[in-house]
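*Asks:* Let me begin by handing over the structure; questions about it come next.
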Amino acid sequence: MKLRKDFLWGGATAANQFEGGYLEGGRGLSINDVHKGGNVSTPRVIHETIHEGDYYPSHEGVDFYHRYKEDIALLAEMGFKCFRMSIAWSRIFPNGDNPEPNEEGLQFYDNVFDELLKYGIEPVVTLSHYETPLALVKNYGSWRNRKMIQFFQNYCRVVFERYKGKVKYWMTFNEINCILGNENPYLQAGINFKEGENRIDVKLQASHYMMVASALAVADCHRIDPEAKIGCMLLYPTTYPATCAPIDQVMTRDAMAMTYYFGDVFVRGRYTNTCTAYQEKTGGHFTMEPGDEKILKEGTVDYIAFSYYSSKIEGARVTEFTGGNMMRGGKNPYLETSDWGWQTDPIGLRMALNQLYDRYQIPLFIAENGLGAVDQVEADGSIIDDYRIDYLARHIQAFKDAVEKDHVDLMGYTPWGPIDIVSAGTGEMKKRYGFIYVDKDDEGNGTLNRSRKKSFYWYKKVIASNGDDL
Ligand code: BGP
């Protein structure tokens, strides 16, 4: 089996890391506007007041808000078939609970989608990528509160109605499973823990509300635009047993449960034995309302999107740990490590595709992948990013193997940050993923000018050959 003829080659971004214009067009603040980045697993320092003159990475992003035409022209030049981006919820509902949406915000995304469609690029839109409106955190406690389901549903209905016919591919919550995997689910759920709080109860309750909200979004999307496809979005942490000791197999299975916890509900429409076992093992409790089971059952997803950057190991004797996007794990002695401590493992991507497809048998979408690296600008302005080409080529080969040899059904591939953007994990600019360089440093200095890296021309060739020419 070959890659689909209509395979969705593209790239992926998120509004809070990319868009900027944080106070323009009637936009309200989101959770990412009030901190300065930092380790994802520790509580974020939330600034009640934004100090003028201080640098907040998310405020400007890389200014897609004003440069979208130039940026989209560059993506089109590479031959993009799709472009994954998120809608900033607080651009549409500045406080999250406003009675009416903000027309200027809606118009901005109309302009962006029209520009993409002009070049035949399909928008792939994440409804919530680490950008819960801040007012919902302050006034309602964010996803601790069941009222969030209603606010999210209103927002989704508005954008489904508005962009019907323009947006064919949707995703609900970015990397939702990190709620259980991360110490502190600030980015995913807008929650910083309070002293003495029962953390697992809060996590399970927030997860439940978000899964109900996601299922309602799926059902609404199908009703409003039967042509559209809507998926969930998981971080997929391929996990190997550290040794062949049987206990390591059990630990590996247990570690994966926090991902399948969500996958099972999204695809099968119910809490499965894996979910119940996870709840029991963690001693967590949450409440469900009558009707929730029906909502989950009627809102199952069309496809599974997932991010994959690296793998990890589990085992009773693991003592050395490695970084990773949002979830850390045991270090694998057989793998190389990036400058940020993430381990490179293309075979882990093939495993991810096989494991997900074996378990769920619905189409898959690689929504994120890539190497965060420091780029060197040469005297003549060129950027020779062979390390990035090497990383991506090996991962593309791995997913081609999954399709061609293992017969996995894969819809598309959108590597992370095709244009350099702000890091979600650290707030840095120097950690770059792009084919397109952005002149900006960690303190926010720079012209924001865009330039093509070596990988730009390479990826263009990859897309033109539908993955044959790596
Ligand atoms: C994922 C997030 C993205 C993103 C990416 C890379 O977990 O969905 O928002 O930024 O990881 O991580 P970082 O920016 O920390 O390098």
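Just so it is clear, none of the values below were taken in a lab; they were calculated from the coordinates. Being a predicted model, the structure only gives us computed values, none of them experimental. Methodologically, a virtual Cβ is constructed for each residue, glycine included, from the backbone with ideal geometry; neighbour enumeration extends over all protein chains shown.
*Asks:* Taking only the Cα atoms of segment 8-464, how large is their convex hull per residue, in Å³?
*Replies:* Once divided by residue count, the hull of segment 8-464 is 140 Å³.
*Asks:* Next question, about the same structure. Residue-wise, which Karplus ³J(HN,Hα) couplings in Hz belong to segment 113-120, taking 6.51 cos²θ - 1.76 cosθ + 1.60, θ = phi - 60°, and x for glycine or proline?
*Replies:* For segment 113-120, the Karplus-derived couplings read 5, 4, 5, 4, 5, 3, 9, x Hz, x marking Gly and Pro.
*Asks:* Sticking with this structure for a sec: Using the Kirkwood formula on the Cα atoms of segment 256-306, what hydrodynamic radius do you get, in angstrom to one decimal?
*Replies:* Averaging 1/r across every pair of different Cα atoms and inverting gives 11.6 Å.
*Asks:* Contour minus end-to-end for ARG270 and ASP469, with contour as 0.36 nm per residue of separation and end-to-end as the Cα-Cα distance?
*Replies:* Residue separation times 0.36 nm, minus the Cα-Cα distance, leaves 67.4 nm.
*Asks:* Just to confirm the filter: which trypsin sites (Lys or Arg not before Pro) across segment 385-434 are DSSP coil and have at most 15 other Cβ within 10 angstrom of their Cβ?
*Replies:* Passing both the DSSP loop test and the Cβ count: LYS405, LYS430.
*Asks:* Additional query: Can you give me the long-range amide H partners of LEU234? Hydrogens built in the peptide plane at 1.01 Å from N, cutoff under 5 Å, separation of 5 or more residues or another chain.
*Replies:* Result for LEU234 returns GLU175, ALA305, PHE306, SER307.
*Asks:* With each label point set 7 Å from Cα along the Cα-Cβ vector, what nm distance links GLU280 and ASN111?
*Replies:* Each label point is offset 7 Å from its Cα along the Cβ direction, giving 5.6 nm.
*Asks:* Please report, in debye to the nearest 20, how large the charge dipole of the chain is about its Cα centre when each Lys and Arg carries +1 at its beta carbon and each Asp and Glu carries -1 there.
*Replies:* Roughly 1080 debye, rounded to the nearest 20.
*Asks:* Of the chymotrypsin sites (Phe, Trp or Tyr not before Pro) in segment 281-365, which ones lie in a loop per DSSP and count no more than 14 other C-beta atoms within 10 Å?
*Replies:* Those satisfying the criteria are TYR334.
*Asks:* In the chain, if the dipole is taken from +1 on Lys/Arg beta carbons and -1 on Asp/Glu beta carbons about the Cα centre, which of LEU364, SER451, THR337 is farthest to the positive end?
*Replies:* Ranked along the dipole, the leading option is LEU364.
*Asks:* Rg (Å, one decimal) plus Dmax (Å, integer) for the alpha carbons of segment 144-217?
*Replies:* Cα only, segment 144-217: 13.9, 48 Å (Rg, Dmax).
*Asks:* Here is a further query. Please compute the net charge surrounding GLU378, taking Lys and Arg as +1 and Asp and Glu as -1 over other residues with Cβ under 12 Å from its Cβ.
*Replies:* Result for the neighbourhood of GLU378: -1.
*Asks:* Further, regarding this structure: So what are segment 258-396's ellipsoid semi-axes, whole angstrom, largest first, if each one is the square root of 5 times an eigenvalue of the alpha-carbon gyration tensor?
*Replies:* 35, 20, 14
*Asks:* Exposed loop sites here are GluC sites (Glu not before Pro) in DSSP loop states with at most 14 other C-beta atoms within 10 Å. What is the longest stretch of the chain lacking them?
*Replies:* So the longest stretch without any such site is 53-182.
*Asks:* Enumerate the amide H contacts of PHE83 below 5 Å, restricted to partners 5 or more residues apart or on another chain; note that Pro and chain-start residues carry no placed amide H.
*Replies:* For PHE83, whose amide H was placed from the backbone, the distant partners under 5 Å are GLU122, VAL124.
*Asks:* Which entries in the list LYS69/LYS461; LYS440/LYS461; LYS2/LYS69 go over 31 Å, if you measure between the two C-alpha atoms of each?
*Replies:* Over 31 Å Cα-Cα: LYS2/LYS69.
*Asks:* Could you tell me what percent of the DSSP beta bridges with both partners in the chain are antiparallel, to the nearest 5?
*Replies:* Once the DSSP bridges in the chain are tallied, antiparallel ones form about 25 percent.
*Asks:* Averaging over every viewing direction, what projected area does the convex hull of the Cα atoms of segment 313-470 cover, in nm²?
*Replies:* The orientation-averaged projected area of the Cα hull of segment 313-470 comes to 10.9 nm².
*Asks:* Further question on the same structure: In segment 282-341, which trypsin sites (Lys or Arg not before Pro) fall in coil by DSSP and have 10 or fewer other Cβ atoms within 10 Å?
*Replies:* Here the trypsin sites (Lys or Arg not before Pro) that fit, given the DSSP loop and packing criteria, are ARG317.
*Asks:* Tell me, what HN-Hα J-couplings in whole Hz come from the Karplus equation 6.51 cos²θ - 1.76 cosθ + 1.60 at θ = phi - 60° for each residue of segment 268-279, using x for Gly and Pro?
*Replies:* 8, x, 6, 6, 8, 4, 4, 5, 4, 5, 5, 4
*Asks:* Search the structure for amide H atoms under 5 Å from the amide H of LYS430, placed 1.01 Å from N in the peptide plane, and list their residues when 5 or more places away or on another chain.
*Replies:* Amide H neighbours of LYS430: ASP442.
*Asks:* Another question about this same structure. Can you give the FRET efficiency for MET288 and GLN249, using 1/(1 + (r/R0)^6), R0 = 22 Å, r = Cβ-Cβ distance, to the nearest 0.05?
*Replies:* Efficiency, rounded to the nearest 0.05: 0.10.
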